[in-house]
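What follows is one structure encoded as structure tokens, with my remarks underneath.
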Amino acid sequence: MSDFAAQVDARIYPPRDKHAVIFETFHNLKSGEKMELLNDHDPRPLHYQMLVEYENQFEWEYLEQGPEVWRVSIGKK
């Protein structure tokens with residue numbers, strides 16, 4: 001059983017669509033739920049964007065940090 005309400009594998013989306021899909025998935029989470037993000041590089045720019053746009057509304061935890069796959073748990077507060 002997964003701890004995640006949703007999963008986004010950003011590796012399958014074109015770069016122009018990645019953030020839109022991730023933010024849509026985040027918006028659809030209920031308070032207390034988490035999503036799993038998979039990516040082929042460190043999603044640090046996304047983290048910075050979320051810090052600005054969603055201050056104190058999420059939790060970010062790296063589960064795996066490359067070199068080929070990055071996995072991040074993003075929880076909605």
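So what is the relative contact order of the chain, in percent, for Cα pairs below 8 Å that sit 6 or more residues apart?
Values: 122 pairs, mean separation 26.0, N = 77.
Result for the chain is 34 percent.
Using alpha carbons only, the radius of gyration of the chain set against its Kirkwood radius gives Rg/Rh = 0.92. In deg cm²/dmol, rounded to 500, what helix-only [θ] at 222 nm does the chain give when every DSSP H run of at least 4 residues adds -39500 (n - 2.57) and the total is split over its residues? Helix contribution divided over all residues of the chain: -9500 deg cm²/dmol. Partners of LYS77 within straight-line reach, counting lysines whose Cα lies under 21 Å from its Cα and excluding those fewer than 8 residues away in the same chain: LYS30, LYS34. Multiplying the residue separation of ALA20 and LYS77 by 0.36 nm and removing their Cα-Cα distance gives an extension gain of 18.5 nm.
Subtract the Cα-Cα distance of LYS30 and TYR62 from 0.36 nm times their separation in residues, and report this length gain in nm to one decimal. Before the final figure, lay out each step's value.
Details: separation 32, 0.36 × 32 = 11.52 nm, distance 2.06 nm.
In short, 9.5 nm is gained.
The simple spin-label model puts a point 7 Å past each Cα toward its Cβ; for LEU51 and ARG11 those points are separated by 2.7 nm.
Only beta bridges with both residues in the range 6-76 are counted; by DSSP, about 75 percent of them are antiparallel.
Every read-out reported here was derived from the displayed coordinates using simple, explicitly stated rules and does not represent laboratory data. Note that the structure is predicted; figures quoted are calculated from it, not measured. With ideal geometry, Cβ positions are generated from the backbone for all residues, glycine too; neighbour counts draw on all protein chains shown.
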